[in-house]
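The next block holds one structure in the form of structure tokens; read it before the comments.
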Amino acid sequence: MLRIVNRALTGLTGLVLLLLGLAVLAGGLDLPDRWNVSLPSGWPWAGPDDVLLTDADRTKWRGEGWWWPVVIAALAVLVVLTLWWLLAQLRRRRLGEVLVESGDGEGALLRGRALEDVLAAEAESLPGVDRARVTLVGRRTEPGARIGLTLAAHAEPGPELVRLRAEAIEHARASAGLAELPAEVRLRGAKHRPERVS
């Protein structure tokens, strides 16, 4: 979801800035007169002596009672949305450590990267799996796994998922002492060249 929001915001911001910059540049270089192009009647920047905001534009709504509350509310919403977006960017997507129950009430911390590597290695050792990528997500007391599997051309997805759950995920869950280890698995087929049959 955040990736889609990032792409949409970046694309929209870039498009608006590009169009605004081109409009100002066209007016500043006096391109409409040079190219004999007529601009719409309300076009604000037609020549190099035009300003972006006239005095009338800047002071038009100042006397209205609703103007300043609307400006402040719009800016406050913009600040809140910007802070939400910034915090979402800074939030770690990958779990750094997992809390393992040691039985003495203290617990131990297991590096998330170590558990990811072991889980990926065991998944890759399954027949029919070419590559595996694992990312731990969630909280350190309730981790989850995002697993990407690249299956060989001869592999069947159903049995591979059953084996992955029964072996690799179950071993990781048991070794970390977790009650459960939910996993989201994405499957892809390995790319291979077409074979000639004669």
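State yes or no: is Val118 in contact (Cβ under 8 Å) with a residue 24 or more places away in the chain and among the β-branched types (Val, Ile, Thr)? Against the criterion (in contact (Cβ under 8 Å) with a residue 24 or more places away in the chain and among the β-branched types (Val, Ile, Thr)), Val118 qualifies.
Is it the case that Leu161 is over 22 Å from Arg3 (Cβ atoms), among the aliphatic types (A, V, I, L, M) and in a loop (DSSP other than H, G, I, E, B)? No: the conditions fail for Leu161. Checked against (1) out of contact with any Gly (no Cβ under 9 Å at 6 or more places or on another chain); (2) without any contact (Cβ under 8 Å) to a residue 24 or more places away in the chain; (3) more than 30 Å from Thr13 (Cα to Cα), Arg146 meets all criteria but (2). The set of residues in segment 135-171 that are open to solvent by less than 10 Å² (accessible area, probe 1.4 Å), closer than 16 Å to Gly112 by Cα and of a type in the set (A, V, I, L, M) comprises Leu136, Ala145, Ile147, Ala168. Looking across segment 59-81, just one residue is surrounded by 11 or more Cβ atoms within 10 Å (Cβ to Cβ) and not hydrophobic (A, V, I, L, M, F, W, C), and that is Lys60.
Please give the number of the condition Ala108 fails out of (1) surrounded by 15 or more Cβ atoms within 10 Å (Cβ to Cβ); (2) more than 28 Å from Arg3 (Cα to Cα); (3) in contact with a Ser or Thr (Cβ under 8 Å, 6 or more places away or on another chain); (4) of a type in the set (A, V, I, L, M). Ala108 satisfies all of (1) surrounded by 15 or more Cβ atoms within 10 Å (Cβ to Cβ); (2) more than 28 Å from Arg3 (Cα to Cα); (3) in contact with a Ser or Thr (Cβ under 8 Å, 6 or more places away or on another chain); (4) of a type in the set (A, V, I, L, M) except (1). Whether any residue in segment 127-148 is over 27 Å from Glu97 (Cβ atoms), assigned to a loop (DSSP other than H, G, I, E, B) and not basic (Lys, Arg) is what I want to check. Yes, some residue in segment 127-148 is over 27 Å from Glu97 (Cβ atoms), assigned to a loop (DSSP other than H, G, I, E, B) and not basic (Lys, Arg).
The values are calculated or read from the model by the stated rules, or taken from the named source; none is laboratory data. Remember, it's a predicted structure, so these values are computed and weren't measured experimentally. Positions of Cβ are backbone-derived with ideal geometry, glycine not excepted, and every protein chain shown enters the neighbour counts. Heavy atoms of the whole protein, side chains included, go into the accessibility calculation; ligands, DNA and RNA do not. Shrake-Rupley method; radii C 1.70, N 1.55, O 1.52, S 1.80 Å.
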